[in-house]
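The values are calculated or read from the model by the stated rules, or taken from the named source; none is laboratory data. Worth saying up front: this structure is predicted, and the values here are computed from it rather than measured. Glycine also receives a Cβ, built like all others from the backbone with ideal geometry; neighbour counts cover every protein chain displayed. Surface areas here come from the heavy atoms of the whole protein model, side chains and all, with no ligands, DNA or RNA. Shrake-Rupley method; radii C 1.70, N 1.55, O 1.52, S 1.80 Å.
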Amino acid sequence: MGTLLQDLRYGLRVLMKQPGFTAIAVLSLALGIGANTAIFSIVNAVLLRPLPYPHPERLMQISQSFPAIDNDAAGEPKFLFWQEQNQSFTALAIEQPIGSGVNLAGGSEAEYVSGVKVSKDFFDVLGVQPALGRVFTTAEDRTGGDRVAILSNGLWRQRFGADAGLVGKTVSINSENFVVVGILPQGFQYQSGFQYLQPADVFVPLRPSPQGDPDPNYRVIGRLRPTVTRQQAQADMQQVAEAFRAAYPQQMQEGEGVAVTPLHEKLTANVRPLLLILLGAVGLVLLIACANVANLQLVRAANRQKEMAIRVALGANWRRLLKQLLSEGMLLALAGGMAGLLLASWGIDALAALIPERLLPRFNDLALDWRVLGFTLASSLVTGIVFSLAPALQASRIDVSPALKEGGKGVTAAGRGRLRRILVVAEVALSLMLLVSAALLIRTFVNLRSVAPGFETRHVLTFQISPTGATYNTTAKVGDFYRRALERLDSLPGVQAAAVTSNLPLSAQFRMPFGIAGQPEHPESVQFRLITPEYFAVMQIPLRQGRVFADTDAAGAGNVAIVNEAFARKYLADASALGQTLMIGRGPRALAHQIVGVVGDVKQFALSSDAPPMMFIPAAQAPDGLTLVMRRFLSCQFVLRTSGEPAPLTAAVKQTMAEIDPALPVSHIRPMQQIVSESIAAERFNMALMGLFAGLGLALAGIGLYGVMSYSVAQRMHEIGIRMALGARRGAVLTMVIRQGVGLALAGVGIGLVGAFALTRLLSSLLYGVSATDPLTFAVVSLVLLGVALGACFVPARRATRVDPMIALRYE
């Protein structure tokens with residue numbers, strides 16, 4: 001320990017005597033370690049940090065499974081059967097988001113918040129009990145039970161002023177009175193649904209029934225018994241599934257089974273590959289930084305050769321030299337780690353602002369906790385060892401006698417020069433791999449920005465309303481609300497036209513089974529929309545055949561429908577669409593609608609996917625049951641075509657809707673351009689981070705090449721002087737030095753191209769409109785990198801041409 005402290009003190013003095021070297025090395029390491037720490041903080045928050053519930057490793061999601069399909073859900077009858085028959089779980093619970101939110105009244109003005117329906121054992125499964133009040137009872141979770149609700153702690157504090165007397169009082173949820181029976185503890189969060197929504201604020205009983213919804217619209221979660229493994233639970237649930245098949249064969253499909261998966265794994269399955277790719281990319285940046293600092297260390301070791309020789313002559317063995325150089329490397333690495341941690345603490349806030357809202361679950365948990373601090377420390381220590389090994393090994397091979405002689409400083413320079421060149425080649429290769437990956441993601445983003453969505457995005461304002469409760473329990477009542485709202489909105493200054501749709505493009509989806517009269521029944525379902533007549537005009541979706549809907553297409557008139565071109569191509573390729581009878585739904589309750597028009601295709605899932613087949617019917621012609629089903633899963637989306645920028649109309653729209661029904665809050669009010677922009681937010685995030693990493697790698701590689709060429713010119717000063725004394729022209733000297741540097745860059749580019757061909761295949765799922773091995777991208781990036789290398793070599797080369805032969809020869 002005394003020797004180590006002595007080495008550290010000596011190393012600190014040496015580093016302080018060389019502030020320029022120390023500053024460059026620490027900055028290089030800070031950039032590499034800081035970027036790694038920032039990305040690891042995301043990986044930690046999303047993938048590594050356990051769910052915030054007691055014994056989270058025992059929380060499982062149980063769902064239907066098929067050989068070729070990963071289904072995350074189940075229906076009510078299956079859940080109840082699983083709950084009764086399983087032997088592996090202390091409790092099972094079922095949940096489902098309440099549409100995209102609920103209208104909450106009580107306290108102050110109405111507010112739109114996230115809500116979820118849960119069975120009575122939900123909080124027992126999660127291992128959480130209310131801070132005030134109680135959980136749901138068995139009677140409340142049955143059909144006809146009392147209307148009760150449990151509120152999140154945040155909603156209780158923000159909306160109700162943390163009133164402890166709220167328990168037992170009534171609040172209005174979707175125009176129905178619910179008694180608040182519990183307030184959840186502070187810090188509790190649960191994100192419901194099958195995409196990343198806001199944490200739920202309102203919980204109400206789901207009341208599953210054996211005669212309830214059999215469709216896989218629900219998430220089932222369970223808590224394993226302490227002595228049961230996941231594999232044992234999987235085997236047990238498979239037996240339960242076979243028992244259900246024997247009892248209810250009509251409700252089990254061929255090949256259907258049951259999957260038991262850790263809940264944390266299910267929540268992060270979609271983002272795991274992306275985060276691992278980003279972590280790998282930022283790891284390449286750290287490797288480049290290590291190579292850079294190792295090069296600086298080698299240059300520094302060359303200047304300390306005589307010092308090392310004296311140490312050996314005085315009795316120091318190679319292990320002693322190794323300890324000394326490693327201790328100096330550790331000091332540099334720890335200083336770089338501390339600076340990197342400071343950069344990461346600033347960068348995390350920038351990352352949180354950059355992360356798309358629904359891209360990553362739990363991204364609000366970003367923090368520098370003990371895992372992140374441990375990762376930073378480990379990265380710093382490993383980095384210190386890596387970049388100290390090269391100069392330490394060189395020092396262990398020192399030949400004492402020549403090194404102590406005057407002029408002996410060049411004896412081992414050739415070996416060090418080869419190692420420095422190898423490190424530069426590695427830096428260039430790694431930089432090219434990052435640059436190619438970033439260029440492909442940039443091209444993907446540009447390609448997506450140029451995709452025509454099938455409608456006009458400019459001058460369109462959208463917002464959401466959820467008409468629920470007895471006031472809006474029929475199509476006629478909802479239609480009257482639409483009529484009054486659209487009349488008022490149309491009269492607003494700056495509004496050219498207004499309409500309603502059940503779904504906006506590039507947002508939530510809704511499918512319905514269908515058939516065509518005279519054709520065999522189609523087994524699949526397609527996208528389905530309820531709209532008001534002006535919808536196509538507001539969105540400027542072109543009409544290809546027939547006509548659009550009119551106000552006369554109301555209840556009691558002939559049922560009509562419109563399909564898009566994708567539907568006509570796929571299902572009506574051999575006949576005209578107009579006049580065909582479309583059967584919407586299955587069995588005797590299917591709705592017959594005559595097709596009166598064909599409209600252009602519109603992107604629905606993403607700009608990168610093809611427009612799906614779609615069918616539209618007038619909202620006024622939907623039966624009451626269909627209207628209620630749509631309201632169960634979806635809100636009403638209003639769209640307004642404006643004469644100018646839509647944002648200034650926000651206040652007027654909110655006031656108008658409040659005057660029509662103050663119990664229906666307006667939510668998600670935003671321009672259509674914002675929705676389109678948010679649809680490619682993930683690609684923007686990928687591009688920004690990979691571009692940042694590539695830029696750091698390129699800068700570090702350029703600095704490394706500049707450093708090697710500068711040192712090479714300094715070492716060859718005598719040779720260059722002789723060449724110029726013998727008549728070499730400045731242009732020849734310039735060419736000689738640049739050729740050497742560009743040769744290193746070419747070697748790095750060659751190796752990097754091979755690595756990039758392998759690396760970019762991992763990105764293929766993130767690309768659109770460009771191949772993972774696109775030749776143009778590879779060629780352009782290679783030329784850019786060679787251009788940077790040429791610039792890095794030019795300054796040392798110019799310095800070489802200014803050498804005075806007499807001074808150089810006299811110096812030697």
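Listing for the model above:
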item	result
Accessible surface, per residue, of region 49-117 when the full set of protein chains is kept, probe 1.4 Å, Å²	37
Accessible surface, region 575-636, averaged per residue in Å² (probe 1.4 Å)	36
Environment charge of L104, counting only residues whose C-beta is closer than 13 Å and scoring Lys/Arg +1, Asp/Glu -1	-3
Shape call, region 150-280: gyration tensor on alpha carbons, a/c limit 1.5	oblate
Solvent-accessible area per residue for region 665-812 (1.4 angstrom probe, square angstrom)	47
Ordering of 689-701, 575-587 by burial proxy (mean other Cβ atoms within 10 Å per residue, highest first)	689-701, 575-587
Carbon and sulfur %, accessible surface of the chain computed with the full protein complex present, 1.4 Å	59
Segment A651-A550, length gained on full extension (0.36 nm per residue, minus Cα span)	33.4 nm
Relative packing of 662-672, 603-613, 419-429, which averages over residues the other C-beta atoms within 10 Å, highest first	419-429, 662-672, 603-613
Spin-label pair T90/S677, simplified geometry with 7 Å Cα→Cβ offset, distance in nm	4.8
FRET efficiency estimate (nearest 0.05) - Cβ-Cβ, R225 to T474, R0 56 angstrom	0.75
Beta bridges by DSSP in region 128-185, antiparallel share as percent, to the nearest 5	60
Peptides 764-774, 76-86 ordered by average Cβ neighbours within 10 Å, highest first	76-86, 764-774
Rounded if a/c under 1.5, otherwise prolate or oblate - region 533-613, Cα gyration tensor axes	oblate
Length released on extending from K570 to L12, taking residue separation times 0.36 nm less the Cα-Cα span	193.5 nm
Cα→Cβ-extended label distance, 7 Å offset, between H522 and L628, nm	2.8
Top positive-direction residue, dipole computed over region 124-276 with Cβ charges, set V135, G255, S209	V135
Charge sum, other residues only, whose C-beta stays under 15 Å from V125's C-beta, Lys/Arg counted +1 and Asp/Glu -1	+2
Helical contribution to [θ] at 222 nm, DSSP H n ≥ 4, -39,500 (n - 2.57), averaged over the chain, rounded to 500	-16500 deg cm²/dmol
Of all DSSP beta bridges in the chain, antiparallel share, percent nearest 5	80
Rounded to the nearest 20 debye, dipole of region 417-555 from Cβ charges on Lys, Arg, Asp, Glu	860
Which labelled figure in [x] 90, 70, 53; [y] 89, 69, 50; [z] 107, 61, 53 is Cα extents along the principal axes in Å, once derived from the coordinates	[z]
Prolate/oblate/rounded call for region 446-583, Cα gyration tensor, a/c under 1.5 rounded	oblate
Loop GluC sites (Glu not before Pro), region 95-158 (other Cβ atoms within 10 Å of the site Cβ: 10 or fewer; DSSP)	none
Student exercise, the chain dipole from Lys, Arg, Asp, Glu Cβ charges, in Debye to nearest 20	4220
Surrounding net charge for V780, when Lys and Arg each add one and Asp and Glu each subtract one, Cβ distance under 15 Å	0
